[in-house]
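The values are calculated or read from the model by the stated rules, or taken from the named source; none is laboratory data. Keep in mind that this is a model prediction, so the values were computed, not measured. Neighbour counts run over all protein chains shown; Cβ positions are idealised from the backbone, glycine included.
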Amino acid sequence: MTVCSMVNEAYASLSAARVQVELSPFEGTPKITICRQCAKAACVEVCPTGAISRDAEGYLLVDYIRCTAQTDGCRECIDKCPFHAMFWNFVSEKVMKCELCKGDPQCVKTCAVGALKLQLLRTNE
């Protein structure tokens, strides 16, 4: 998570990471929240300005010039993501989501124990 925030936000903060990993003290099983790059993405469908779109390689990206969340408080994408994988960055005051580092995810590269792997399914399931 620290690497994620450093790569994407240029500062270390667990809350600024676009992938969130939580460990329940009762279950012991980690919960990983990350954008699933859905084929039929609710965030794309609900965005009134078309700020979220798929690039040529197929990754869902946010165009921060078109996104109005910072100015009018839209943030519809955060509310509509069925996986809760869209976040609000309180420091930069913008929506954020994992963009899988456009196919070269730094979290996967730097995971010391090799627990993370990239597997693209592009599904809503």
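Structure values in brief
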quantity: Strands (runs of 3 or more DSSP E) wholly inside the range 1-100 that include at least 3 residues being in contact with a strand residue (DSSP E or B) (Cβ under 7 Å, 6 or more places away or on another chain); calculated: 20-23, 30-33, 52-54, 60-62, 87-89
quantity: Matching entry among 57, 99 (being in contact with a helix residue (DSSP H, G or I) (Cβ under 7 Å, 6 or more places away or on another chain) and either surrounded by 14 or more Cβ atoms within 10 Å (Cβ to Cβ) or farther than 16 Å from residue 19 by Cβ (or both)); calculated: 57
quantity: Matching residues, the range 1-50, being exposed (fewer than 13 other Cβ atoms within 10 Å of the Cβ), within 20 Å of residue 63 (Cβ to Cβ) and without any contact (Cβ under 8 Å) to a residue 40 or more places away in the chain; calculated: 10, 45, 48, 50
quantity: Of all residues in the range 69-125 being charged (D, E, K, R), under 15 Å from the mean Cα position of the chain (by Cα) and within 13 Å of residue 34 (Cβ to Cβ), the one that is modelled with the highest pLDDT; calculated: 97
